[in-house]
Each structure stands twice: as structure tokens, then as C-alpha cells.
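Reading through the C-alpha cells given below for one structure.
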Amino acid sequence: MSRSAHIQFILNGQLHQVEPVDTHQTLLQYLRGQAALRGTKEGCAEGDCGACTLVVGELSGNKIVYRALNACILLLAQIDGCEVISVEGVQDKDGGLHPVQQALVDFHGSQCGFCTPGFVMSLYAHYRNGRPADRESLKTALAGNLCRCTGYGPILAAGQAMYNYQQPEVMDTVSLLREIANNELVLHVADDDNQLFAPTNESELQQLLQQYPTATLWAGGTDAGLWITKRLARLPTIIMLGKIAELNFVRQTSAGIHMGAMARYVDVCDILATEWPAFGEVIRRTGSVQVRNAGTLGGNIANGSPIGDMAPVLIALGAKLTLAKQGSTREILLEDFFVAYGQQDLGPGEYVRSIFIPTGSAQLATWKISKRFDQDISAVLGAFCFSLAGGRITELRIAYGGMAATPKRALATEAVLLGQVPSEEILATATLSLAEDFTPISDMRASSSYRMQSAQALLRKTFSASHVYLAKTGAADA
Amino acid sequence: MRELTQETGKPTAHDSALGHVTGQAIYVDDMPELPGTLHLAFGRSERAHAKITALDLSEVRAASGVVAVFCAEDIAGKNDVSPVAGDDPLFADGTVIYHGQALFVVAATTKQIARKAARLVKINYQDLPAILSITDARAANTQLEPAQEMRRGDASGQITNAAHKVKGKLATGAQDHFYLEGQIAYAIPGEAGQLLVHSSTQHPSEVQSGVAHVLGVAANQITVEVRRMGGGFGGKETQALFIAAAAALVADQTGRPAKLCMDRDDDMAMTGKRHGFEMQYHVGFDDSGRMCGAKLDLASDCGCSMDLSAAINDRAMFHADNAYFLPAVTICSQRFRTNKVSATAFRGFGGPQGMMLIERVMDHIADHLGLDPLEVRQCNFYGPERDITPYGQQVKDFEIPALVDELAQTSAYGERLQQIKKWNAAHPMSKRGIALTPVKFGISFTTTFLNQAGALVHVYRDGSIAVNHGGTEMGQGLFIKVAQVVADVFGVPVDMVQISATRTDKVPNTSATAASSGSDLNGMAAAIAARSIRERLGEVAAVHFDCAPDEITFEGGKVSSPDGYLNFADLVEQAYLARRSLSSTGFYATPDIFYDRASHQGTPFFYYACGAAVCEVEVDMATGEARLLRVDILHSVGKSLNPAIDLGQIEGGFMQGLGWLTNEEVCFDDKGRLTTHAPSTYKIPTCSDRPDHFNIALFASTGGTVRTVNGSKAVGEPPLMLAIAAHSALRAAVTAAKPGAEFTELDAPATAETLLGALSAS
């Protein structure tokens, strides 16, 4: 493996070459430190408030796709080969405000101003990608930016008006980016105690895992980033997966949908939402744009969280994983992957390569219960995959998140319902059997009893004709 | 003519808007760091209540990059950072009284090193019984001060004899401020022991005197500067001091600049929140729903120390009437000490909790009589012959009745109430509710002496103007409002007025920017300072034009006499050459207010700010999930100094109140550890929580009879309480699901879980 010790990226139009002194350094630390660009703020250092939002451009064919990301939990090494635009880089050559900035001024979209650079950048990404400026699109685009002063109305109004301003000239950075993006070298940076690798193909990854079987595999870092910023963990060996093109794919075949472990939420959202609208809705409510632009399906699964949103849906759909290590691969059902809290069926040197979801005629219903509608971790997530024939349930898989130490199927409940017409009596029995399947815990997200009550309610909502779908219909009359 | 050139009343953008959107506005953490700057982190208690039997800091000190560690024994002055009662140590000394309490501060070369090193401490605790709820506190009777009582007439007798009576209870939760900029201070040593402290605080004078006490030096050795905060909401009134004091201590002892930038989790665990309340009511009323007697009991969780709890709980009592006349009333308030972080000021300052209680009473009366709650509210409003509050203040210029009438009409409250009944009948699994609630909020610090402000105005030879005052900018638009006021005094465009950072060496002995009083007090003081300069300029102009000074006018950038005019800048230059002072201080003290706390009688408020809101909600009967569908607000700001700023305060205040009453749940575990210590677990509203149908209008107010700055009224806190309408509507929706049931109680925050609990309660 040929190696490079430099991280290269374009920041606000300028090429930066950095040899990091700390493998754990975040992009935010670099910006506010070495780069002395202090417009980007730290509000929470855990990717929840969006004050540190900036825009990262990546080559996609002949153009650059821009994504809003949280700089606070993005390791500097993750942007190797990318273009970064911070709030200091959005004005035109003559210092004129960008339309999103001018609109925020004109509509009084800032009060204390601390969250404002983050909103500017989320709106800027939206603008650069030519996304629609209707309220619903904007609410999705801004769900990851918290503002405590304005109440959001003026910011939404600014977003709606941003295309009414004269379009600014933008610097063409495609060729600049092409120069640094086609780097075939394995990034290898090291500080006094730790090292970080970013292999570019699976064989390199497998070699590295052979050498460092306990290394931390780094996908999007939307969860692992907090190990560094909050637990203050030092990870001796980090292997970044983001440059392995083989792991980032989405393919639909007659049998189903194949996705590489490094496919991000943003990469898979459309194809999954087209196949299963209810899956799309879960993804829309998973994290925020910034999180979905970084977070990967494989990461969400491999870290084994009992409250990750993907696992219950994928289990209900009968998804399978392909696990790989040097010299061997194997397939397992996702539901068998989660062994116990914090323990997955993943051997030394083994990693999640891909996920396969079989497609069929079964319907999917999903329900997410959280304190806040957007950008919240689920208290309970219920996923129901079923087929009906002549009113009877002929095929059924139910999985819940937040109800046990792992995402888990409700096997006892499935047994009650399978082959039955879901009458009120059957549903009553089925809801009771959920207590056989689960003994949920109480925590700050919900009490044990609420978790059970709402899990039961979700079952009823799915199968009982008398229920309306509030979360899905919003304000509309159902 | 005059209207054309006047700056007050214009929707001028925030003076820092450009800086905000470009990222060029500088917050404390953005200031260039001086060479040798140390970065600090606190070591925190891991127990809610315990004796410290051993504190071993050796590994902390030995960690690479650590320069110094300081704890209680290193404090030269007083180990106290409390605002009033002397009961908040900077560092716990021997005993810890809440989980997260500061034990020591680590100074290191980077903040990561400091934070990591702080976790290397070895502490032996001997646990003591921890009081973690009002229930525990009642049992142990840990009152911080004697229960306070406000009383008029024989409430019990009136209730006994009343045609109808109801009683009930209500709990409201704590709330984290969640200012986007965490607490921070940067202390820079000067010569001869002097210190400059950059602090993100609403109360620079208190930081100055507090730091001086901790260091054991005179106040004139300490200068505190605040350019802007990234949000405050009351959370940076008293809570900024301990951070600044730790930074100052390190700077003083090491001689190096010291910055303490709180990690969000530390900030949330270590700084105070809104008081949680548990309240009860017992009221008597007639067939129309008009109250004749009310007994209101308020108990609050003040946390581990006094902080501002006395004044906050007093304000809860002052607002337990809201807009309603209580002929015979007893309001009793108990303030309990618990082993949690000390509860503190938060937008509304106790008022919201008191108001929640009486609004619940209105709903209960209406439910009992089968009346529209709005009718019950209206028949209890203050009015002629019914205009004295329980604390003896006469309610003047009362805008609520007209304002509520107008809002009921513009929001189509009545028609929608009927539509909702039909909608609910057709939808068994989801219910809607609507409510209209008013807000009457008393304006002034109830501690009368705090109602004073100073300002300093300079006019430079080129005609540009610099204004400094004691108020701090936290996003509320105070600086632009004061600049507009000063611009009008001189008759110049607002861009000729520069407002600079608040500094204790420019304007001394200031009160906190709090109690919604910022523009009332500082606007007045700045206007007074500006007028005294204008008077001198007028005299110079009178000599120039050979006319009487009172014939001179300042308008449109010109100074005019009957015979001609001078450009403002030219007159200023003439005044300079004539050796006239172009600088002045200004001082303002709110007139006509007084309060006797012993009897809880007086006129504590200069005036009342009023508004009202209508909210409509929908609740899912199966899961308790709820959505706010529509909001209509009509709010009075008197004659607005800046309608854009005021509308921003109204919407932002409403949404913050909505968070308090719906999604924002502060949770502690059974060890007293805060479990909602970051935005991953503590959920303030996002933009999708704001309904698209959201109308805000300013009430066409005459400004009333009191003399405020240009007839304007305070707007900082009152709109927060407009969100009570949302909670009331949620309760109405739950009630719609339970026809014929007992009156439904609903606590706050009304999370989905709480709503489902209320739905399931028999």
C-alpha cells in the first residue's frame, strides 16, 4: 500500500494540505484553530444543534454535490479530497452577501446570531443543490439546526425568498477538486499514540484489519464522533471506510435492493422510499439532513444500538447482511446479528460489507415515537411487514426498536396474528402478547409502561381499521 | 413631517444582522487568544449530596499539559458566587450539595487536555440523604425561607359560601435555557493585579463584584466586558458568575489569560434551570363562573441554594391572578431546597408558573359549569371597581378586554370551537382542542432598587455618536432600539449611532438585563444623556442663529432655527470649538414604584404588558402524540420602538414557552444525575414544531398613561406565556376524548407520554 500522510482539501476556494498532529482532530477544531475561521460555532459538539454546519462538496461525475454536515463530529481526515465551504466562503468576490444571507437579514432571521452561520450553511447547501424552497422542503432541510430565539418563522420566510435574489456567480472548483480527489494513496496519519488509515479498497481494508483486528471502523462518525467529543475517548487505531468505493453502492435487482455498508442515508433514501414509502418516512425522521449526509446504513447497524432506527425496519423486511473478512464472507439475517446489548455477531477482523433487502408484495408500516417530531431518537420504533389475503394475515414480521437491549422481532405476537383476521379480539390478544416479547426499560425518553402502551398502540394502528395516522397526515383531515 | 425622519417605530434590522449572517459577529470564544492562554475545565461532583472524605488531585496535576489545578482552599477572597444569600460556593468545600457541583478547576494548554484531566480525580464520598423532589423536600421540610402569603379578604369563607367550587392540582416542569452559545468567560490579567473579564453574561456588574469578592480585591480592579451573548433567557443572569470567577481565579493566580468555555453537557448539568412547581387550587364561583374566593398554593423546587428563588417565587405569586380579579384570595408560596442544581432566572421569572395555575382554574370552572372557557375568562377580567390586584396595585390602562375581543374575532375563535366539536365527533382516534388565554405581565424588577440604569453618550467632532449603557445584548435587539432612541434625540439617521460593548468601567453599578426592562431602563437613561448634550448643542445653535434655544429643532440630520439650518456635524464642530462638552452620562430610575415585602403590598410594577393567543392542537388518542395546528397572537408593545424586533421577540417567546409546556422535559435519575444533559436527550422545538398557520399582530395600543420610552412597552418575557394557550388546548383535546369524565388534569410538559397518561386516567 502506498501511503500519504497529508490530508488535502479545498477550503473556501483555497487548497489546504495538512499533516494532522492529532488523528482525533475534528474539522471544527481545524477551522476555529489553525484556519482561524471562527464564524462556524460549536453549540453542542454532538451533531444535534447544527451551529457548526458547513457544506462539503464531493465530485459526482462532472459536477459537485454539496452536503450540509456537522463539523463538530466530522474528523478532519473524513474530508480528505473534498471541498469545504464555511460561512466565510459564501460571499461573492466583492464581498456581497449571498442570497441566503441577504434574505436572513431582510426577514430578520437572526437574533442572538449564534446559530445563524449554521442556518446560512444549511440554506446554502439547499440553494447550491437547487432544492425547492417550499416550507416542507425547508423544514426538512433545517430540522438539524436549532434556534432558541426566533421561533423559526423569519428563517423559514428567508428560505422561501432566497431564490428571489439575483443568483451569484460561483467559483468553479471542479478541476481543483478533481486534482485532489483522485488520490489512490491510502491516507495514513499518526500522532504520538494513535494512527488513522483511510484505505481505498476492500483488500487494503482487509489487510489493515488483519494487522489491527481491534481497530475502530469509522463510517459516518455521527455516533462514534461523540466517543471523542463527549467521552473524550482516544482510539488507538481508526480505519476510515469512506474512501472505499466498493462499499458505497445501491443496486436494485429483481430479488431486492443491495446496499453497500457505506451507503449513506441520503444515498438510499429515494430508492427505499420508492419501494416502501413508510421506510422513507423513517429515514426522513432519522437524525437531520446533516446526520443523514454523513451517517451510513452499515454504521447504524454495526454499532448495534438498541435505538437505531434502521434495524427494526430492516429486520421486519427480512434484510440480510454480508459480513466479510480476509479470505471469507458469510451471510446472516440481520435479526441474528444482534446478540445482546453492545454485542454483535461480528468476529475479529470482520466487517459489514453490504445489506440486502428482499422485495416482494408485502406491505410495510412503520411508526416512530419520540418526544419531538423531528431529529429525535426514538423512544419506540415499530415496523410491521405483512401480507393480507382474504382479510387474513398470511405473512408477518414485526420488529421494534427501543423495546429491548437490541432491535428485536416480536415473535410471540407474530404467532398470535399470523393466519388470522385481525379482529378486535385477536388484536387484543396480540397486544397482550407484546408483554411476552418485551420488557422495556424506563429512561429519559420514555417510561417502561409508556413504551409498552405505545408499542401496543402501534400494533393496533397498523391492523385496526378504526385508527387514523396522525404522524403521517399531519394537520390534514384524516 | 416628523414621522418621516423618525427612527423609532421603524422595522430596522438588528445592528449585528450583517455580522450574524457572515459569521463576523464576535462572541467570547471567537476573540483572538493571547499567547499563553490557559484553557479550563471544572471537576464535577458525582454525587447529589455527600461529604467529601478525600479529594486526590495528584493524577489531575500530573497529566501532561496541565498547568495548574485550583480548589476551595486556593481562594483568597470569599468562596461564594451567590447573588444574594451567600450560599453558592465557587468550589464545594467538604460537602457537595448537587450532582455536577464544581469541586475544582483544571488549567491546561488546551481545553481537551483540561477536560480529560478533570476526569482523573479520585474522590471518596460519604453519601448523605439526597432530597430530589418537592415531595421529599416537604417531608424533610427544607424550606429556603418562610412560606410567603399574599392575602385579601376571607378566601375560605367565600369559597364555603360559593354556589360552586372546584379544587385541583397542577405541576409544571423545569426548563433548560439552551442558549446556543454555552457559558464562557475569558479573563485577561492586566497590570498591578487588574483583570479584564470577557463574560457572556446578562449581569456584568454582578460578575465584576462577584469576581472581586472571590479574589479578595476591590471592584475597581476588575473590568467586565460583554459585547454580545449567543442567547441568555435568564440563564446568564446569575449563572455566568461562577464561570467567570473560575477564569478570573486562574488568571489571577497564574498571571496568564484563562478561558473557560463550558462543554454543553457541563453547562446543562452545572447551571440552573426554570423552577419546577407543584400547585393546588381551591376556588369558589357563581353561576356565571365569576370567582368569589380563591386559595392558591404554590410550591417550587429551588434546587440546592437560594439564588434568585425568593424574587422568582414572589413573581409567581404576583402572576397567580394573571388578568383576573380575585375578590377574596390567599396565595401561599413555599420554596423548597433540594439536592439539584440551583434553579434560577428564566424568561418569565416565576410568572409563567403562577399564570399556568390561574389559567387552569379558568378551564376547570368552565368545565364545571359547561361554559366556553373564554366566557369564563372574560367574566373574571379586571375591570372598573374590580381593578386591585391581590398585592394592592391598581390595574390601569388594562388592554386585555379589548385585545381579547379583537383576537377572538380575528382568529374566528367561536366558529372554530364549533367546527372542532364536529370534527371530534367524526374522529374517534384523534381529538382537537382550542383555547384562548391572555397574558398580563408586570413590568419592573419587584426588588425596587434594581429599577435604575445608566448610560454614557459621546458625540465626536465628525458628528458620529457613540452610546454605551448598562444593558447587554443577547439577541433581543436592545442595542438597535437604544440607538434608534438616541438617533431621534439628535434627529440623525440611526447609522450615525454606534453602540459599543457593555463595560463596567463605562457605566457602573448596573442592574441585570432582565425582567424585560432592558429598553425601558437603558433607553430612558441613554435618552437622558443624549438630551443633555442636545441641550448644549441647542445653546450653541441659538448663539449661531441668534435665536432662543427653544426655537432650535434637531431633525433629518439638520439643526434648524426659524432663519436657517446647520448640518448636525457642523454644529457639533462649532460646539467643540466653543469648548462645550460633547459627552454626558444619563441616569434613570423608574418612578412611582414601591413594595413592602413583609406585607406583600404595594405598587411593584410600573405598568403591565398585555397580549393573548389562540392555539389549536390535535392529539392522537392511541399514542398521545400531539401537534400544534394553528396559532393566532395579538400582543401589545405600546408604541413599538421597532416592530421587526418586537415581532421577533413575540414569536421566539411563544416558541420557547411552547417548548417548556410540551417537549422540553428535564429528567434526573434516582441518584440526582441530570439525564437530559445535551440536545440529544433534551428537545427544544425545531422548525417543524412551528405551525405554518401562525399569525402575529401588534395591538393598536395608545401606549397608556405611564411615561415610557416613546410610549413603548417591554416585550422580552410576556410572549413566553402566550404558549399557555397551547397547553390549555391540549387539555381540551384530551377532555374531548372523555365525555362525562371527571375534570382532566394535565401537567407540563405535556409530552406524548403525559398526554397518554391523562387520556388513560379515570
Name every residue in the stretch A:406-451 that is farther than 21 Å from A:D309 by Cβ, surrounded by 19 or more Cβ atoms within 10 Å (Cβ to Cβ) and in contact (Cβ under 8 Å) with a residue 40 or more places away in the chain, in order of residue number. A:L417, A:P422
Does the stretch B:405-415 include one or more residues that are modelled with pLDDT of 95 or more, β-branched (V, I, T) and not in a loop (DSSP other than H, G, I, E, B)? yes
Please work out which one of (1) more than 22 Å from the chain's Cα centre (by Cα); (2) among the polar types (S, T, N, Q); (3) modelled with pLDDT of 95 or more is the condition A:T366 fails and give its number. (1)
Which ones in the stretch B:105-159 are closer than 30 Å to B:P35 by Cα, among the polar types (S, T, N, Q) and not in a loop (DSSP other than H, G, I, E, B)? B:Q112
Among the listed residues A:T439, A:T413, A:T429, identify the single one that is more than 16 Å from A:Y400 (Cα to Cα) and more than 14 Å from chain B (Cβ to nearest Cβ). A:T429
Can you tell me which residue within the stretch A:442-453, out of those that are out of contact with any Leu (no Cβ under 7 Å at 6 or more places or on another chain), assigned to a helix (DSSP H, G or I) and among the polar types (S, T, N, Q), is farthest from the other protein chains (Cβ to nearest Cβ)? A:S448
Kindly indicate the residue of the stretch A:292-345 that is touching a helix residue (DSSP H, G or I) at 6+ places or on another chain (Cβ under 9 Å) and of a type in the set (D, E, K, R) and also surrounded by the fewest Cβ atoms within 10 Å (Cβ to Cβ) among those meeting that condition. A:D345
Among the strands (runs of 3 or more DSSP E) confined wholly to the stretch A:207-271, which include 3 or more residues that are under 19 Å from the mean Cα position of the chain (by Cα)? A:216-218, A:256-260
Run down A:G47, A:G33 and say which single residue is of a type outside the set (D, E, K, R), within 12 Å of chain B (Cβ to nearest Cβ) and surrounded by fewer than 20 Cβ atoms within 10 Å (Cβ to Cβ). A:G33
When you look at B:G293, is it over 25 Å from the mean Cα position of the chain (by Cα), in contact (Cβ under 8 Å) with a residue 60 or more places away in the chain and either within 14 Å of chain A (Cβ to nearest Cβ) or closer than 30 Å to B:G173 by Cβ (or both), yes or no? yes
Please find, among B:V224, B:V214, the residue that is in a helix (DSSP H, G or I) and either buried (at least 18 other Cβ atoms within 10 Å of the Cβ) or in contact with a Phe, Trp or Tyr (Cβ under 9 Å, 6 or more places away or on another chain) (or both). B:V214
State which residue is nearest to the other protein chains (Cβ to nearest Cβ) when the search covers only the stretch B:162-211 and only residues that are in contact with a helix residue (DSSP H, G or I) (Cβ under 8 Å, 6 or more places away or on another chain), surrounded by fewer than 24 Cβ atoms within 10 Å (Cβ to Cβ) and assigned to a loop (DSSP other than H, G, I, E, B). B:G173
Here is a check on your reading of the model: is B:G65 over 33 Å from the mean Cα position of the chain (by Cα), on the phi > 0 side of the Ramachandran plot and away from chain A (no Cβ under 14 Å)? no
Return the only residue of B:A62, B:A48, B:A54, B:A41 being in the same structural domain as B:D93 (by TED's automatic domain parsing), surrounded by 15 or more Cβ atoms within 10 Å (Cβ to Cβ) and either of a type in the set (K, R) or over 30 Å from A:L31 (Cβ atoms) (or both). B:A48
Say we look at the stretch A:50-80 and pick out the residues that are in a loop (DSSP other than H, G, I, E, B) and either buried (at least 21 other Cβ atoms within 10 Å of the Cβ) or without any contact (Cβ under 8 Å) to a residue 40 or more places away in the chain (or both); which of these is farthest from the other protein chains (Cβ to nearest Cβ)? A:G61
Determine, yes or no, whether A:S122 is in contact with a Leu (Cβ under 8 Å, 6 or more places away or on another chain), assigned to a helix (DSSP H, G or I) and within 27 Å of B:M229 (Cβ to Cβ). yes
Can you go through B:A258, B:A269, B:A240 and tell me which one is within 14 Å of chain A (Cβ to nearest Cβ), closer than 30 Å to A:I228 by Cβ and among the small types (G, A, S)? B:A269
Here are some conditions: (1) among the β-branched types (V, I, T); (2) in contact with a helix residue (DSSP H, G or I) (Cβ under 6 Å, 6 or more places away or on another chain); (3) over 25 Å from B:E625 (Cβ atoms). B:I434 meets all but one. Which one does it not meet? (3)
Could you list, in sequence order, all residues of the stretch B:26-46 that are of a type in the set (S, T, Y) and either closer than 16 Å to B:S199 by Cβ or in contact with a Pro (Cβ under 7 Å, 6 or more places away or on another chain) (or both)? B:Y27, B:T37
Any idea which of (1) crowded, with 24+ Cβ neighbours inside 10 Å; (2) at the interface with another protein chain (Cβ under 8 Å from one of its Cβ atoms); (3) not hydroxyl-bearing (S, T, Y) is the one A:F9 doesn't satisfy? (2)
If I filter the stretch B:559-577 for residues that are surrounded by 14 or more Cβ atoms within 10 Å (Cβ to Cβ), of a type in the set (D, E), more than 30 Å from B:T504 (Cβ to Cβ) and in contact with a Ser or Thr (Cβ under 7 Å, 6 or more places away or on another chain), do I get at least one hit? no
Just to be sure before I move on: is A:L196 at pLDDT 95 or above and either farther than 30 Å from B:V631 by Cβ or among the hydrophobic types (A, V, I, L, M, F, W, C) (or both) in the structure I sent? yes
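Based on what the data block shows, is A:I369 under 30 Å from B:L756 (Cα atoms) and either out of contact with any helix residue (DSSP H, G or I) (no Cβ under 6 Å at 6 or more places or on another chain) or within 14 Å of another protein chain (Cβ to nearest Cβ) (or both)? Spell out the reasoning first.
Working: under 30 Å from B:L756 (Cα atoms): yes; either out of contact with any helix residue (DSSP H, G or I) (no Cβ under 6 Å at 6 or more places or on another chain) or within 14 Å of another protein chain (Cβ to nearest Cβ) (or both): yes.
The answer is yes for A:I369.
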Among residues of the stretch B:1-45, those that are in a strand (DSSP E or B) and away from every other protein chain (no Cβ under 11 Å), counted: 6
Would you check which residues across the stretch B:594-648 are more than 9 Å from every other protein chain (Cβ to nearest Cβ), under 29 Å from A:A446 (Cβ atoms) and of a type in the set (D, E) and list them? B:E616
Could you check the stretch B:428-463 and list, in sequence order, the residues that are out of contact with any strand residue (DSSP E or B) (no Cβ under 9 Å at 6 or more places or on another chain), modelled with pLDDT of 95 or more and more than 30 Å from B:A310 (Cα to Cα)? B:R461, B:D462
Take the residues in the stretch B:590-606 that are in contact with a helix residue (DSSP H, G or I) (Cβ under 9 Å, 6 or more places away or on another chain) and at negative phi; name whichever of them is surrounded by the fewest Cβ atoms within 10 Å (Cβ to Cβ). B:F594
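The values are calculated or read from the model by the stated rules, or taken from the named source; none is laboratory data. If you're wondering where the values come from, they're calculated on a predicted model, not measured in any experiment. Cβ: placed from backbone, ideal geometry, glycine included. Neighbour counts: every protein chain shown.
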